[in-house]
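The values are calculated or read from the model by the stated rules, or taken from the named source; none is laboratory data. Because the structure is predicted, anything quoted here is derived from the model rather than measured. So basically every Cβ, Gly included, is an ideal-geometry build from the backbone, and we count neighbours across all protein chains shown.
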Amino acid sequence: MVPFRVPYRAGVSLFEQIVYAAKKAMVSGQLRPGDAFPSVRALSKELKINPNTAHKIVAHLVSEGLLETRPGIGTVVAVLPDSTRKERTDLLGHEIEELVVEAKRLGIGQDEMLASIAAHWQRLSGEEPTRVDQEHPATQPESATGDGGRTEP
């Protein structure tokens, strides 16, 4: 059984969607260091994807250091090495730039974007929303407002 959900979206490669879903499961604590990761065969069968794609996904996660293979055990979620705060934030540089460009294209202001990020952070961390979040629907995650945290003018 695959320990994470993959909400398939048109226009985005299966590879990218599944890698993202696996990473999300790792950061949210759904998959913890040492947990078994599905084999290529199990991934292929459960997600109904080509075995070559499943192999590419596992190989990619291993090369990123998120998974490790242990003889006689299989593939498991790796313990992430210690790194500096700058090294960790530098890894997101490209994604942050894409997010800012998309937010500006949609006319979303910096404060609104930061509030939306905070709401998503809380949701993924399993934290309860703060009082401020409850008063301002723009800070609610997409699942709460159904519109990605945006409010109509």
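State yes or no: is Ala22 in contact (Cβ under 8 Å) with a residue 24 or more places away in the chain and over 24 Å from Arg123 (Cα atoms)? For Ala22, the condition - in contact (Cβ under 8 Å) with a residue 24 or more places away in the chain and over 24 Å from Arg123 (Cα atoms) - is not met. Scanning region 1-28 for residues that are surrounded by 12 or more Cβ atoms within 10 Å (Cβ to Cβ) and polar (S, T, N, Q) returns Gln17, Ser28. Checked against the criterion of being modelled with pLDDT under 90, over 24 Å from Leu31 (Cβ atoms) and not assigned by TED's automatic domain parsing to the domain that holds Ala21, region 100-113 has no qualifying residue. Residues of region 61-75 that are touching a residue at least 12 places away in the same chain (Cβ under 8 Å) and surrounded by fewer than 17 Cβ atoms within 10 Å (Cβ to Cβ): Val62, Gly65, Ile73, Gly74. Tell me whether region 40-54 contains one or more residues that are under 17 Å from Phe4 (Cα atoms), surrounded by fewer than 17 Cβ atoms within 10 Å (Cβ to Cβ) and touching a residue at least 40 places away in the same chain (Cβ under 8 Å). Checked region 40-54: at least one residue is under 17 Å from Phe4 (Cα atoms), surrounded by fewer than 17 Cβ atoms within 10 Å (Cβ to Cβ) and touching a residue at least 40 places away in the same chain (Cβ under 8 Å). Scan region 28-54 for residues that are under 26 Å from Leu80 (Cβ atoms) and assigned to a helix (DSSP H, G or I) and the total you get is 7. As a summary of the residue check, Val58 satisfies the conditions (1) more than 18 Å from Glu16 (Cβ to Cβ); (2) in contact with a strand residue (DSSP E or B) (Cβ under 9 Å, 6 or more places away or on another chain); (3) β-branched (Val, Ile, Thr); (4) surrounded by 17 or more Cβ atoms within 10 Å (Cβ to Cβ) except for the one numbered (1).
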